[in-house]
Structures are given as structure tokens and as C-alpha cells.
Amino acid sequence: MPKHIIIDTDPGIDDSLALLLAAASPEIILDGVIAVHGNVSTEQTTKNALSVLELAQASHVPVFKGCDLPLVKESLLSPETHGNQGLGYAQLPEPLTQPKAGHGSDFLIEQIMSRPGEVTLVAIGPLTNIALAIRKEPRIVQNVKEVFIMGGAIQHPGNTTAQAEYNTYVDPHAAHIVFHSGMPMTLTPLDVTYQCIFTKDDLNRLLKINSPITKFIADSTRFYMEFHDEYQSIEGCVINDPMTLALTFMPEICDYQDLVVDVDISTGVGLGKTFADFYNYENKQKNMKVAMGVRPRMFMELFLERMEKLARNIS
Amino acid sequence: MPTTRIILDTDPGADDALAILLMLASPEIQLEALTTVQGNVNLEKTTRNALALLEFLNARNIPVAKGCSTPLIKPPHGTQGEEVHGKSGLGQAVLPEPKNKPIETHAVDYLIERFLAEPGELTLFAIGPLTNVALAIRKEPKFARSVKELVIMGGAIRSGGNVSPLAEFNIHEDPHAAHIVFNSGIPITLIPLDATYKCLLTSADVERLNKIDSPIARLVHDVTADYMEFYLKYEGFNGCALHDPLTVAAVIAPELLTLEKHYVNVDISGGVSTGKTYADFMKVAKQPANMQVALGVKGREFVELFVERMERLSRSRL
């Protein structure tokens with residue numbers, strides 16, 4: 001039976017690829033998309049979510065606008081990674097659809113509470129909306145089916161500070177709220193995403209199909225690949241977010257450990273650092289499943305096949 | 001003078017109850033709604049107390065919206081507050097179970113709804129942890145500029161703390177919320193311990209009030225009796241500080257307050273000074289002032305004013 005999924009996202013290049021993968025995957029029903037600040041402003045992430053869904057002929061999926069600022073810290077956008085509009089060199093037409101009225105966090109509360117145990121949340125941006133929803137309606141913790149989070153770097157270095165991954169660094173306080181909430185969580189940290197590189201060869205394989213989908217992937221990832229080359233000496237690009245989504249229906253891509261995971265909110269140099277207490281001397285209850293091992297090509301083949309299928313359908 | 005229209009965010013709480021009494025006893029004020037938050041006692045109790053107080057005071061037309069049950073990030077303090085405010089939160093006072101229920105709308109949404117409906121018209125008083133106010137600010141970016149003024153009971157600038165050596169209870173309970181509120185751009189008046197500890201209601205004051213045979217006078221006695229015990233035991237004086245009621249002075253007797261404009265922030269570093277409010281007196285941070293702070297008060301004059309208003313309210317309800 002397909003899973004009911006809500007994606008909270010800040011598109012963002014890899015976020016957009018996650019939206020495309022969602023649209024191309026019969027294993028899931030995408031019930032809604034909530035936009036959050038992050039890679040670019042919420043105004044822009046909302047617009048990008050609408051445009052990408054239209055590109056994928058999935059404009060029936062409702063899009064809601066969420067928080068425009070982190071809870072406590074100052075805003076931190078990342079135009080150098082995703083481009084000023086958030087989609088690299090891709091230029092999508094202005095969306096024809098509008099975001100739905102109401103706040104994203106209220107949509108999340110309403111969906112989870114009206115269908116207890118049925119809604120899976122995939123959170124691939126800063127966790128502000130989720131944290132706000134938990135504090136406003138604590139019962140969503142018991143009633144959400146599962147939460148898949150892209151964020152953190154456990155034994156891997158950070159991509160935003162030496163130690164911290166972008167999503168958890170942008171709103172560490174929100175991550176702290178979510179990590180300690182008691183929701184059933186699966187974390188996809190940089191430890192696994194940085195092993196899955198989308199290469200130029202992968203892109204060329206997709207470009208054999210002439211479609212607005214493949215053109216979008218090429219235009220967006222070209223910018224992303226330039227960033228990875230310039231800042232991280234990686235040939236290709238890391239596509240964190242679609243991988244997180246893929247785990248909702250193909251968990252065998254990764255190997256998991258149950259761990260006690262926390263995030264540093266002490267405002268020192270470790271701010272935003274996610275860390276696991278591997279020895280757990282205090283015998284704390286393990287609060288999440290963490291993907292610590294991955295079969296990179298298993299994910300990449302899935303992603304490429306789904307994008308090929310979507311591209312063939314939309315030409 | 002036009003009346004000041006107020007929405008009160010509160011965690012009753014013995015001194016919260018006295019602040020509500022003082023607002024209802026003050027013709028300068030029109031109290032339009034209460035929003036509740038966890039703090040002195042848990043959210044179920046603060047909400048119950050808010051409803052029970054309003055019914056007892058014949059003010060059940062004032063709506064109550066229920067808010068957040070935990071601080072944003074810190075775990076709630078547990079039941080220590082019951083040591084100060086009694087198990088129910090209202091000391092020895094036993095009020096009938098309220099017949100009214102809180103309205104359906106969450107306090108955060110209610111605040112957003114009311115302030116956006118009349119931008120610049122309503123004054124917000126926040127006399128508990130600032131969780132609801134912070135969430136309203138983050139959820140609706142237009143909220144901050146819709147608030148005419150925000151009067152907060154909280155913080156200790158030069159004064160010591162009352163919950164850690166450096167920190168005051170309301171701010172310490174949710175320092176992250178305070179950080180959001182202080183840096184929101186809302187025009188703030190802060191009433192810290194520096195001023196409230198100069199306003200001591202003594203047992204002689206309560207005896208004087210109780211020469212009037214009124215349920216109001218008895219309520220003031222019942223709410224403050226254990227509170228005074230606590231002050232005697234821990235702070236060595238026979239009376240209690242009128243923390244929350246002193247906020248009302250910002251409207252009814254601002255001349256009693258010594259107000260200074262400063263840049264004030266709160267420590268959220270996780271170190272020993274977590275929850276400490278500090279003013280940048282020497283302007284080293286080069287930040288514009290974000291609030292006016294009551295660093296002093298004519299304490300006895302305020303207590304007299306409080307007792308007089310309570311006497312007047314008591315006489316109207318024998």
C-alpha cells in the first residue's frame with residue numbers, strides 16, 4: 001500500500017530532485033509540500049516548490065508556506081550553493097498555482113491529527129516548521145507515523161561549519177526540539193549522503209532523453225556541480241534530499257544504527273553539530289535510527305531509472 | 001485619558017492572580033483576553049486558574065485561550081513552582097471549578113488574530129514565560145509590528161536572580177523565547193526584579209485590606225498567605241514581592257517607575273548564566289536600545305496604590 005507523505009522542504013536543488021522523485025514514485029502518495037526558509041527565502045522556496053511540482057505535472061499537490069526565519073538564530077541562506085533563485089541555472093516558468101491559505105505548521109498538525117498513524121513526514125530543510133508544530137500541538141508526536149530527516153553529520157565533517165551540517169546549523173534549536181520530541185525518526189546525515197555522488201556520466205545518461213525534466217536536472221545540477229568542485233573538490237554533486245525520500249520506500253539502500261543523537265545549541269564553536277553518544281554511559285533512551293552505511297549505486301540506479309521514466313512521460 | 005486595551009499572557013500563579021485583580025480594579029484598563037502558558041504551575045492548572053479567577057471576579061465574558069505546555073527548548077522546571085505558588089498555583093485560595101472553557105483557538109493563533117485585526121491598537125502584557133509570544137512572532141512575521149506595546153515581567157538586570165544566582169524565573173524558564181521576543185522589534189517595557197523586589201506587600205497590608213469583609217479581600221489573603229511564608233523562609237522578610245502586579249504600573253502609574261532605555265538581551269549560551277538578562281549600559285555592543293527597563297520604583301507608593309485599589313474593589317463586592 002502506498003505511503004502517505006508530506007515533505008517539508010526548502011528548494012533548493014537537491015530538494016527539487018526529491019520532489020521529482022516523489023512525483024515519479026508509485027510507492028508514495030504526496031499529500032502536501034510545506035516550504036521553509038533555508039537554501040533561499042520562504043517566498044522563493046514556496047515558489048520553487050510550486051514550479052517544480054508543475055514541471056512534474058503534479059500541481060494537484062497542495063503547497064503551504066511555513067516559517068521564514070529560524071527560531072532563535074539569525075537567518076542564513078545559501079545562494080552560493082543553490083544560486084540566487086535556489087535552482088542553480090534552471091529557469092522555470094512562474095508557477096500558475098498559488099500556495100494554499102494557512103500556515104505550513106498548521107497543515108502538518110491538521111494532517112497528522114486527522115489521520116493518526118498514517119502520515120509520514122519527510123523533512124529535508126531546517127526543522128523550524130516541525131518544531132513549531134510540536135510545541136503548538138504536542139500530540140502530533142504520538143500520531144505521526146514516521147519522520148525521515150535529512151540533516152546532521154555524525155562522524156563526517158560539517159559542510160557549513162567544520163562540524164555542522166547545513167540544515168541543523170541553520171536552526172539548531174528547532175533540531176533540538178525535534179530530536180528530543182519522541183517522534184519515531186530516521187536520520188540521513190552527511191555520513192551517507194556524501195557517499196552518493198551524482199556524476200556527469202549520470203547526467204549524460206539522463207540527457208539521452210529530451211525532456212523538460214532532464215533539462216531541469218542538467219541546468220540545476222550544473223550549478224551545484226560547480227559549487228562542489230570549487231568548495232569541496234568533488235567531481236559531481238551530492239544529492240542528499242532525494243536519498244532521504246527514497247528511504248521511505250526502499251530502506252535497504254542504507255544500514256542503520258539506533259543511537260542517542262543530540263545537537264549542540266551552546267553557541268560555542270560546536271553550534272549546530274549533531275553528535276551520537278555511541279557509548280551511551282548514561283543509558284539514555286535511543287531517540288532515532290541513523291543511516292550510517294549506504295549502497296550508493298543502489299540509490300543512484302533507483303534515482304536515474306525514476307528520472308528516466310518521468311522524463312519519458314513528460315516530453 | 002483613553003483606556004488601554006490589554007491582552008494578558010499569564011501563568012497564574014499567585015502574583016499573576018494579583019495582577020489580574022489589579023487590572024480589573026483599574027478604570028484605566030480594559031482587559032480583553034487572557035492567554036495561558038505553563039510556568040508557575042503546569043498549563044492545565046494555569047488555564048483552570050485563569051478561568052476560575054475570571055468567574056470569581058464576575059468577568060467571565062473575558063475569553064481565555066490556552067497556549068503552550070512546555071518551554072521552546074529547555075525541559076519545563078517540573079513542580080518546583082508549586083512550592084512558591086501552592087499545589088493549585090493559587091496558594092490557599094479554593095475557587096469553585098470554572099464553568100467556562102477556554103476558547104478553541106490556540107493562544108498563539110489567538111494572539112496573531114487579535115493583534116493583526118487591529119494593528120497598533122492593543123497592548124500585550126506578558127507576565128509568564130514568553131513561549132506563546134515567541135511562537136506568535138515566528139509564526140506570523142507581521143505580528144511584531146502589530147503590537148502597540150509589550151509590557152513584560154521578567155529579568156534581573158543589576159539585581160540577583162530568584163531561580164539561579166543570575167537569572168529570574170520567567171526568563172530562565174524559556175530563555176530562547178525571551179531571546180526571540182527581545183530581538184523582535186516590538187516596543188517593550190521590561191519590569192525586572194530590580195523594581196519588583198522594592199514592592200513588598202506585607203502581612204500588615206493584607207490585614208488592613210481584610211478589615212473590609214469581602215470575598216475579594218479574602219482572596220488576596222488566601223493567595224498571598226503561603227507566598228509570604230515562602231518569602232519568610234527563603235528571603236527573610238515578612239511579605240511578598242508584587243512582581244506581576246507592578247507591570248500594571250506601566251499604565252496606571254508610570255510616574256512611579258524609573259525607566260531607562262537600553263539594549264537588553266538574554267544569555268542562551270548554556271553556561272552558568274543561561275537565562276540571565278543583561279543591559280549593555282556602556283553601549284559596547286553598539287546596538288540600538290530595544291526596550292525601556294524599570295530599574296527603580298517608588299516601591300511603597302506602588303504598594304499603597306495596590307492596596308487602595310484592592311480596597312475599592314473589595315467595597316464594591318461585599
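Quick note: the coordinates plus some simple rules give every number you see, no bench work behind them. Here the structure is a predicted model, which means the values were calculated and not measured. As a convention, Cβ positions derive from the backbone with ideal geometry for all residues, glycine included, and neighbour counts pool all protein chains shown.
See the values below:
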read-out: R0 of 25 Å, Cβ-Cβ distance A:GLN85-A:ILE234: FRET efficiency to nearest 0.05; value: 0.65
read-out: Nearest-0.05 FRET efficiency for A:ARG139 and A:GLU94, computed from C-beta distance (R0 41 Å); value: 0.60
read-out: Gained length - A:HIS4 relative to A:LYS208, 0.36 nm times residue gap less alpha-carbon distance; value: 70.2 nm
read-out: Cα gyration tensor category, rounded, prolate or oblate, for chain A with a/c compared to 1.5; value: rounded
read-out: Cα→Cβ-extended label distance, 7 Å offset, between A:GLU74 and B:VAL94, nm; value: 5.7 nm
read-out: Ranked by how many other beta carbons lie within 10 Å on average, peptides B:8-15, B:40-47, A:266-273, A:219-226 from highest; value: B:8-15, B:40-47, A:219-226, A:266-273
read-out: Where chymotrypsin sites (Phe, Trp or Tyr not before Pro) fall in DSSP loop in segment B:276-318, at most 16 other Cβ within 10 Å; value: B:PHE281
read-out: Candidate lysines - alpha carbon under 16 Å from B:LYS261, same-chain residues fewer than 8 apart omitted; value: B:LYS283, B:LYS286
read-out: Counting DSSP beta bridges with both ends in chain A, the antiparallel % (nearest 5); value: 30 percent
read-out: Loop-located trypsin sites (Lys or Arg not before Pro) in segment A:123-205, at most 16 other Cβ atoms within 10 Å (DSSP); value: A:ARG139
read-out: B:ALA285-A:ALA101 pseudo-label distance in nm [points 7 Å out on the Cα-to-Cβ vector]; value: 4.0 nm
read-out: Charge context of A:GLY66, other residues only, Cβ under 13 angstrom, K/R +1, D/E -1; value: -2
read-out: FRET efficiency, B:ASN61 to A:THR267 (Cβ-Cβ, R0 56 Å, nearest 0.05); value: 0.80
read-out: For A:LEU247, net neighbour charge (Lys/Arg +1, Asp/Glu -1) across residues whose Cβ lies under 12 Å away; value: -2
read-out: Net charge of Cβ neighbours under 15 Å - reference B:PRO288; Lys, Arg +1; Asp, Glu -1; value: +1
read-out: Shielding by partners - mean other protein chain Cβ count within 10 Å, residues of B:130-138; value: 3
read-out: For segment B:235-250, Karplus couplings with θ = phi - 60° (6.51, -1.76, 1.60), whole Hz, Gly/Pro x; value: 10, x, 9, 8, x, 8, 7, 8, 4, 5, x, 4, 4, 4, 4, 4
read-out: Set of aspartates and glutamates near A:LYS309 by C-alpha distance (under 14 Å), chain-local residues within fewer than 8 positions excluded; value: A:GLU301
read-out: Of B:LYS101/B:LYS142; A:LYS73/A:LYS273; B:LYS66/B:LYS101; A:LYS47/A:LYS73; A:LYS73/A:LYS284, pairs whose Cα-Cα distance is over 20 Å; value: B:LYS101/B:LYS142; A:LYS47/A:LYS73; A:LYS73/A:LYS284
read-out: Neighbour cut-off at most 16 other Cβ (10 Å), DSSP loop, GluC sites (Glu not before Pro), segment B:110-174; value: B:GLU121
